[in-house]
1. Pairs needed: first member in the stretch 61-85, in contact (Cβ under 8 Å) with a residue 12 or more places away in the chain; second member anywhere, of a type in the set (Ser, Thr, Tyr); C-beta distance under 6 Å; at least 6 residues apart or different chains.
2. Could we say that Leu81 is aliphatic (A, V, I, L, M), open to solvent by 50 Å² or more (accessible area, probe 1.4 Å) and assigned to a helix (DSSP H, G or I) here?
3. For Glu47, state whether it is acidic (Asp, Glu), touching a helix residue (DSSP H, G or I) at 6+ places or on another chain (Cβ under 7 Å) and in contact (Cβ under 8 Å) with a residue 24 or more places away in the chain.
4. Show the residue pairs that are 6+ apart or on different chains and have beta-carbon atoms under 8 Å apart, the first residue being within the stretch 1-30 and more than 17 Å from Ala76 (Cβ to Cβ), the second being among the hydrophobic types (A, V, I, L, M, F, W, C) and not in a helix (DSSP H, G or I).
5. Among the residues of the stretch 4-23, write down those that are assigned to a loop (DSSP other than H, G, I, E, B) and open to solvent by 90 Å² or more (accessible area, probe 1.4 Å).
6. Tell me, which residue of the stretch 30-71 that is open to solvent by 80 Å² or more (accessible area, probe 1.4 Å) and in a helix (DSSP H, G or I) is farthest from Asn85 (Cα to Cα)?
7. Could you go through the stretch 65-75 and let me know if any residue there is of a type outside the set (Val, Ile, Thr) and within 14 Å of the chain's Cα centre (by Cα).
8. Could you list, in sequence order, all residues of the stretch 1-35 that are at pLDDT below 95 and hydroxyl-bearing (Ser, Thr, Tyr)?
Amino acid sequence: ALAEAGVSTPSPREAVMRLARDIAEDIVAGSLSPGDGAMQIWALSRELEEHPLELHTFVYGASEWDDRPEDRPAFAKGIHLEFANLA
């Protein structure tokens, strides 16, 4: 139906990146915590064969979030800063 309407479907990578940008916007807006948002982005990135380089900060932060609570402020800061690279 989308093709008939002239709407192209994004590649899997493009779809993941669009959704990751939306999640990152929610993190920066404060409607989603950096830890929860990073976990969601990590889950999205696992849909691809290879994590996009642009998502590595989110994936790393998510993978370490539970095991390193003392470093959460640094991970949160990195996640917020990395948003600029996704926009």
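1. Sorted first by the residue in the stretch 61-85, then by its partner, the pairs are Gly78/Thr57; Glu82/Thr57.
2. Numbers: aliphatic (A, V, I, L, M): yes; open to solvent by 50 Å² or more (accessible area, probe 1.4 Å): yes; assigned to a helix (DSSP H, G or I): yes.
Yes: the conditions hold for Leu81.
3. On the way: acidic (Asp, Glu): yes; touching a helix residue (DSSP H, G or I) at 6+ places or on another chain (Cβ under 7 Å): yes; in contact (Cβ under 8 Å) with a residue 24 or more places away in the chain: yes.
Spelling it out, Glu47 is indeed acidic (Asp, Glu), touching a helix residue (DSSP H, G or I) at 6+ places or on another chain (Cβ under 7 Å) and in contact (Cβ under 8 Å) with a residue 24 or more places away in the chain.
4. Pairs that qualify, where the first residue is more than 17 Å from Ala76 (Cβ to Cβ) and the partner is among the hydrophobic types (A, V, I, L, M, F, W, C) and not in a helix (DSSP H, G or I), are Ser8/Leu2; Thr9/Leu2; Thr9/Ala3; Pro12/Leu48; Arg13/Leu48; Val16/Leu48; Arg21/Ala87.
5. If we filter the stretch 4-23 for residues that are assigned to a loop (DSSP other than H, G, I, E, B), which is where we start, we get 4-11.
The answer is Glu4, Ser8, Thr9.
6. Applying the first criterion (open to solvent by 80 Å² or more (accessible area, probe 1.4 Å)) to the stretch 30-71 yields 31, 36, 40, 46-47, 49-50, 53, 56, 60, 66-67, 70.
With the extra rule that they be in a helix (DSSP H, G or I), the set shrinks to 36, 40, 53, 56, 60, 70.
On the way: Asp36: 19, Gln40: 18, Leu53: 11, His56: 11, Tyr60: 16, Glu70: 25 Å.
In this case the residue turns out to be Glu70.
7. Our first condition is that a residue be of a type outside the set (Val, Ile, Thr); within the stretch 65-75, this holds for 65-75.
Subsequent filtering for residues that are within 14 Å of the chain's Cα centre (by Cα) retains 75.
Yes; the residues of the stretch 65-75 include at least one that is of a type outside the set (Val, Ile, Thr) and within 14 Å of the chain's Cα centre (by Cα).
8. Within the stretch 1-35, Ser8, Thr9, Ser11, Ser33 qualify.
The values are calculated or read from the model by the stated rules, or taken from the named source; none is laboratory data. These figures come from a predicted structure and were not determined experimentally. Cβ sites come from the backbone with ideal geometry, for glycine too, and all protein chains shown count toward neighbours. What goes into the accessible areas is simple: the full protein's heavy atoms, side chains included, and nothing from ligands, DNA or RNA. Shrake-Rupley method; radii C 1.70, N 1.55, O 1.52, S 1.80 Å.
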